[in-house]
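The values are calculated or read from the model by the stated rules, or taken from the named source; none is laboratory data. Just so we're clear, the structure is a prediction, and the values are computed from it rather than from any experiment. Note that each Cβ is placed from the backbone with ideal geometry, even for glycine, and that neighbours are counted across all protein chains shown. With ligands, DNA and RNA removed, areas are computed over all heavy atoms of the protein, side chains included. Shrake-Rupley method; radii C 1.70, N 1.55, O 1.52, S 1.80 Å.
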Amino acid sequence: MAVQFEDSFNRKFYYLRLSITDVCNFRCTYCLPDGYKPTQKNSSFLGLDELHRVVAAFADCGTSKVRITGGEPTLRKDFTDIVSMTAAQKGIEKIAMTTNGYRLEKHAQHWRDAGLTNINVSVDSLDPRMFHEITGENKFHQVMRGIDAAFDAGFEQVKVNAVLLKDLNSGELPAFLNWIKDKPIQLRFIELMQTGEMNSLFENHHVSGVSIRNHLIANGWIMKVRNQSDGPAEVFCHPDYTGEIGLIMPYKKDFCDSCNRLRVSAVGKLHMCLFGDYGVELRDLLQNDAQEKALIGRIQSALASKKQSHFLDQGHTGMTPHLASIGG
Ligand code: SAM
Ligand code: SF4
């Protein structure tokens, strides 16, 4: 193995978030409220061979988990091939995806068979009308059938992401808790993050996860210990519940201390942080296998400049217009 990816704050990187497209068919109010607008030609997204070289270089430097994301990653016709390619890479133990669930019902079994190990589905509300209002799509029931299909396909746990939105879904905690009582779902509440193109939505709808945290602790939920390749969620379990609750609170001080992930965008740029930077070009070093050493060298020198924090709490939104652009 080449040298493990590490930054100047002694953080080691086990986890790659690989965006494969920035196209999406939903219009989530906090992400693409006006729908997807092409910023680059679709043909410029990394092809299977280029993605393979990214995954191989990261695996050779200690990455054990890859999350395939976007945009909506399942809109790519070669999505299953990308899963198979990643699963076949030595050293990669977990292959996760984040999806809006639109294609899950039909394809959960194919993706499982191709080697997908973990699924995150975004469900911002359990009320079909509110789901429609938040995502712009009347697809609540289709997405829920997709989650059932994932269990039928053999995924032991499904993670569900819900962005916390004041006055929209913030009153749904009892319904969400009831939903996971007997289901192996890890429900992850994500605090709304302010991005470059976001207007008044943040001021109007941002709500901290602290009140949920307090409620959980007061009601017998216990915080679990983090594993090395886990994300930044604080995860809580309860003896009476099959499901778990995760809280992702990026505005919390010290949120970045446990950062263990790097991102590569759909056009082959390395991003140190969701909220960092313009990205470091990798694509010129993804054209043949012989370039791996140079590729790893470029990633390592970029890591030397990874900042300690995203400074979101100081109103910094970085260069990211919306999370679909570099892979949320
Ligand atoms: N389209 C897929 C989906 O929605 O699951 C994958 C990409 S999406 C950008 C990844 C995750 O980022 C979703 O769970 C979404 O809810 C979350 N997200 C997007 N914009 C966000 C924001 N401004 N603040 C917090 N979470 C956000
Ligand atoms: Fe699409 Fe996901 Fe963004 Fe919603 S959050 S618009 S589903 S990329």
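Here are the numbers:
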| read-out | value |
| --- | --- |
| Å² of accessible area per residue within the chain, as computed with a 1.4 Å probe and no ligands counted | 44 Å² |
| Karplus (6.51, -1.76, 1.60) ³J(HN,Hα), θ = phi - 60°, over the stretch 158-165, in Hz, Gly and Pro reported as x | 10, 9, 10, 9, 10, 7, 6, 9 |
| Between 0 and 90°, nearest 10: helix 104-114 axis offset from the chain longest Cα axis | 40 degrees |
| Förster radius 51 Å - calculated FRET efficiency between R226 and N138, Cβ distance, rounded to 0.05 | 0.85 |
| Electrostatic dipole magnitude of the stretch 148-293 [Cβ: Lys, Arg +1; Asp, Glu -1; Cα centre; debye, to 20] | 280 debye |
| Computed accessible area, M85, all protein chains, 1.4 angstrom probe, square angstrom | 30 Å² |
| At most 10 other Cβ within 10 Å, DSSP loop - GluC sites (Glu not before Pro), the stretch 47-109 | none |
| Solvent exposure ordering (accessible area, 1.4 Å, most first) of K90, K77 | K77, K90 |
| Extension gain from K37 to Q109, taking 0.36 nm per residue of separation minus the Cα-Cα distance | 22.8 nm |
| Cα-centred dipole magnitude for the stretch 5-161, charges only on beta-carbon of K, R (+1) and D, E (-1), debye, nearest 20 | 120 debye |
| Fraction of accessible area attributable to carbon and sulfur, the chain (%, probe 1.4 Å) | 50 percent |
| Anisotropy class of the stretch 23-154 from Cα gyration tensor, a/c 1.5 cut | oblate |
| Theoretical ellipticity at 222 nm over the chain - DSSP helices of four or more residues, -39500 (n - 2.57) apiece, nearest 500 | -8000 deg cm²/dmol |
| Additional length obtainable on full extension of the chain from F151 to L201, 0.36 nm per residue less Cα span | 14.6 nm |
| Computed over the chain: relative contact order in percent, which uses C-alpha pairs under 8 Å that are six or more apart | 22 percent |
